[in-house]
Amino acid sequence: MLPHPIDTRVGVIVNNVGGYSRGVLRGIASFASARAWVCRVEGVNEASLMRHLSDFNGLIVQAATPAQLTRLGAIKIPVVNVSSKLESGQMPSVVSDDKAVGRLGAEQFLRRGHRNFVFYAPYDRQFAKLRHEGFIQRLAEAGDSAAVIYDPDRLAKAVQKMRRPLAVMECNDRAALTVLEICRASHLRVPAEVAFLGVD
């Protein structure tokens, strides 16, 4: 008779809000179910898990701050990061290819014949910077360029003043909602006057 597999206990610190995070959780659940993993899932507040590290063989985390990376880098069990909000050289990471995400966004707009572009992010986190770089690179290969805006007030003015139809790629879906609200307040038709593309 085969011995019963020893459970692997994994702490999971992942925000459960947003498409990206829910996709990460689905992936962990799928992987864990075939491997006798026992997972304890917490939101982005890791305090509860960090008090009970001896209960776990490893952690999967969505690291969001430099202080969190430092704390997690000092613990004695394996830690894998699943967030590209920060540069994550301090620990192994499994993250989206954010530059490719930006390139795909630009490619979508180019295929649809757009020629006036904006990239918008309300913050300069690592994933937003990489998506912005990929977006700009792909447009440059096609002989085009884009305004890059990291300020919502400046974005509202740009959307109203720039030549239309305008194609706006946002760093994520939360930023895309900001663009939709600006268009609604300015009575701009979507997508005829302003097409926009969120991520996640």
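The values are calculated or read from the model by the stated rules, or taken from the named source; none is laboratory data. The structure presented is a predicted model; accordingly, all values stated were derived computationally and were not measured. Reconstructed Cβ throughout: ideal geometry from the backbone, glycine too, with neighbour counts over all protein chains shown. Side chains are part of the model used for accessible areas, which takes the heavy atoms of the whole protein and leaves out ligands, DNA and RNA. Shrake-Rupley method; radii C 1.70, N 1.55, O 1.52, S 1.80 Å.
Any idea which of (1) closer than 29 Å to residue 56 by Cα; (2) touching a strand residue (DSSP E or B) at 6+ places or on another chain (Cβ under 9 Å); (3) open to solvent by 50 Å² or more (accessible area, probe 1.4 Å) is the one residue 112 doesn't satisfy?
The one condition residue 112 does not meet is (1).
Looking only at region 121-153, filter to residues that are within 30 Å of residue 81 (Cα to Cα) and polar (S, T, N, Q); which one of those is surrounded by the most Cβ atoms within 10 Å (Cβ to Cβ)? Before the answer, list the steps.
So in region 121-153, the residues within 30 Å of residue 81 (Cα to Cα) come out as 121-138, 148-152.
Narrowing further to those that are polar (S, T, N, Q): 126, 137.
On the way: 126: 15, 137: 13.
Taking the candidates together, the pick is 126.
Do the conditions hold for residue 35, that is, is it open to solvent by 80 Å² or more (accessible area, probe 1.4 Å), assigned to a helix (DSSP H, G or I) and at pLDDT 75 or above? Show your work before the answer.
Details: open to solvent by 80 Å² or more (accessible area, probe 1.4 Å): yes; assigned to a helix (DSSP H, G or I): no; at pLDDT 75 or above: yes.
Criteria not met by residue 35.
Could you tell me whether any residue of region 110-132 is aromatic (Phe, Trp, Tyr) and closer than 19 Å to residue 97 by Cβ? Step through it out loud before you land on a result.
Taking region 110-132 and keeping what is aromatic (Phe, Trp, Tyr), we get 117, 119-120, 123, 127.
Those still in the list that are closer than 19 Å to residue 97 by Cβ too: 119, 127.
Checked against the condition, which is being aromatic (Phe, Trp, Tyr) and closer than 19 Å to residue 97 by Cβ, region 110-132 yields at least one hit.
Write out, first by first residue and then by second, each pair whose Cβ atoms fall under 6 Å of each other, whose residues are 6+ apart or on separate chains, and whose first residue, in region 56-72, is more than 22 Å from residue 8 (Cα to Cα) while the second is of a type in the set (Gly, Ala, Ser) and modelled with pLDDT of 75 or more.
69/63
Could you run through region 54-63 and say how many residues are open to solvent by 40 Å² or more (accessible area, probe 1.4 Å) and either of a type in the set (A, V, I, L, M, F, W, C) or touching a strand residue (DSSP E or B) at 6+ places or on another chain (Cβ under 8 Å) (or both)?
Step one: of region 54-63, the residues open to solvent by 40 Å² or more (accessible area, probe 1.4 Å) are 54-55, 57.
Adding the requirement that they be either of a type in the set (A, V, I, L, M, F, W, C) or touching a strand residue (DSSP E or B) at 6+ places or on another chain (Cβ under 8 Å) (or both) leaves 55, 57.
Summing the residues that are open to solvent by 40 Å² or more (accessible area, probe 1.4 Å) and either of a type in the set (A, V, I, L, M, F, W, C) or touching a strand residue (DSSP E or B) at 6+ places or on another chain (Cβ under 8 Å) (or both) in region 54-63 gives 2.
So which residues in region 64-84 are buried (at least 18 other Cβ atoms within 10 Å of the Cβ) and under 13 Å from residue 126 (Cβ atoms)?
Of everything in region 64-84, those that are buried (at least 18 other Cβ atoms within 10 Å of the Cβ) and under 13 Å from residue 126 (Cβ atoms) turn out to be 69, 81, 83, 84.
Out of (1) farther than 11 Å from residue 117 by Cα; (2) of a type in the set (A, V, I, L, M); (3) in a helix (DSSP H, G or I); (4) open to solvent by less than 30 Å² (accessible area, probe 1.4 Å), what's the single condition that is false for residue 188?
(3)
Go over the candidates 118, 95, 101, 179 one by one and state the one that is β-branched (Val, Ile, Thr), crowded, with 18+ Cβ neighbours inside 10 Å, modelled with pLDDT under 95 and touching a helix residue (DSSP H, G or I) at 6+ places or on another chain (Cβ under 8 Å). It would help to see each step written out before you state the result.
Working: 118 fails: modelled with pLDDT under 95; 95 fails: crowded, with 18+ Cβ neighbours inside 10 Å; 101 fails: modelled with pLDDT under 95.
Checking each option against the conditions leaves just 179.
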